[in-house]
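Taking it in order: structure first as structure tokens, then the write-up.
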Amino acid sequence: MKFFIDTGNLAQIKEANDLGILDGVTTNPSLMAKEGIKGEDAIAQHYKTICELVDGDVSAEVLSTDFDTMIEEGKKLAAIHPNIVVKVPIIKDGIKAIKWFTDNGIRTNCTLIFSAGQAILAAKAGASYVSPFVGRLDDGGWDGMDLIGQIRHIFDVQQYDTEILAASIRNPLHIIKAAEQGADICTCPLDSILGLLKHPLTDIGLAKFIEDAKKM
Ligand code: E4P
């Protein structure tokens, strides 16, 4: 399973990248706004900076919801760097746009996936990635990981090439479960990635080794 970081924060991207385990970055309008990135030029520059920091795919989301504007936006985003993947919402015009981008050699990440049917449509349109939102499903009382497993099964049976990008990850257990369910990628907040490191027996064991090392 590949690890992406789900943020627009450059310090966090750098910290995850320095671990040597980072395969890419996902952003969305909320994450970009949180960093105070405003205006077309600033947005493009921020994506360029992220692409220069990380050797991997960087999802950049369109801000419009109609076909023509999504195409114009997506073309501009894709021109920023070869690693840019245009993120498109799963709506009617979004599916049309994904098909257009696919036919024109632009890679896409279909976002806001909450059902297997939406994932099938995105895969049929040729999306490079689908992003099922695990945490938001869990928040509403559904089981987000069940959806990852269901999409994995369908994509395997149907031999779709579209990669499953588990998104809206809230904690280390989500990452472990996404790996179990066969997600191709997990996009995570930095805290969830670092949370995988933690175990009290590791801390106790290391303290003892450090103490005993003084006797060597
Ligand atoms: C990533 O592609 C999604 O936009 C993101 O994971 C959503 O996460 P959230 O539900 O924590 O906002």
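What follows draws every value from the coordinates through simple rules; no lab data is involved. Predicted, not measured: the structure shown is a model, and the values here were computed from it. Positions of Cβ are generated from backbone atoms using ideal geometry, with glycine treated the same way; all protein chains shown enter the neighbour counts.
Evaluated against (1) under 22 Å from Ala119 (Cα atoms); (2) touching a strand residue (DSSP E or B) at 6+ places or on another chain (Cβ under 7 Å); (3) buried (at least 16 other Cβ atoms within 10 Å of the Cβ); (4) not aliphatic (A, V, I, L, M), Asn83 falls short on exactly one condition, (1). When the range 15-24 is filtered for residues that are touching a Ser or Thr at 6+ places or on another chain (Cβ under 9 Å) and without any contact (Cβ under 8 Å) to a residue 40 or more places away in the chain, nothing remains. Checking each residue in the range 97-117 for being surrounded by fewer than 20 Cβ atoms within 10 Å (Cβ to Cβ) and polar (S, T, N, Q) picks out Thr102, Asn104, Ser115.
Within the range 14-43, can you find the residues that are part of a helix (DSSP H, G or I) and away from the ligand (no atom under 14 Å from the Cβ)?
Our first condition is that a residue be part of a helix (DSSP H, G or I); within the range 14-43, this holds for 14-18, 29-34, 40-43.
If the condition is that a residue be part of a helix (DSSP H, G or I) and away from the ligand (no atom under 14 Å from the Cβ), then Lys14, Glu15, Ala16, Asn17, Asp18, Glu40, Asp41, Ala42, Ile43 are the ones that fit.
Note on the range 44-61: residues that are of a type in the set (Ser, Thr, Tyr) and outside any helix (DSSP H, G or I) total 1.
Going by the conditions given, is Ala183 under 21 Å from Asp6 (Cα atoms), in a helix (DSSP H, G or I) and touching a residue at least 60 places away in the same chain (Cβ under 8 Å)? Taking the combined requirement at face value, the residue does not satisfy it.
Taking the condition within 15 Å of the ligand (Cβ to nearest atom), touching a Cys at 6+ places or on another chain (Cβ under 7 Å) and in contact (Cβ under 8 Å) with a residue 24 or more places away in the chain, does Val58 pass? For Val58, the condition - within 15 Å of the ligand (Cβ to nearest atom), touching a Cys at 6+ places or on another chain (Cβ under 7 Å) and in contact (Cβ under 8 Å) with a residue 24 or more places away in the chain - is met.
Limited to the range 140-164, what total is found for residues that are in a loop (DSSP other than H, G, I, E, B) and either more than 20 Å from the chain's Cα centre (by Cα) or among the polar types (S, T, N, Q) (or both)? Number satisfying all stated conditions: 5.
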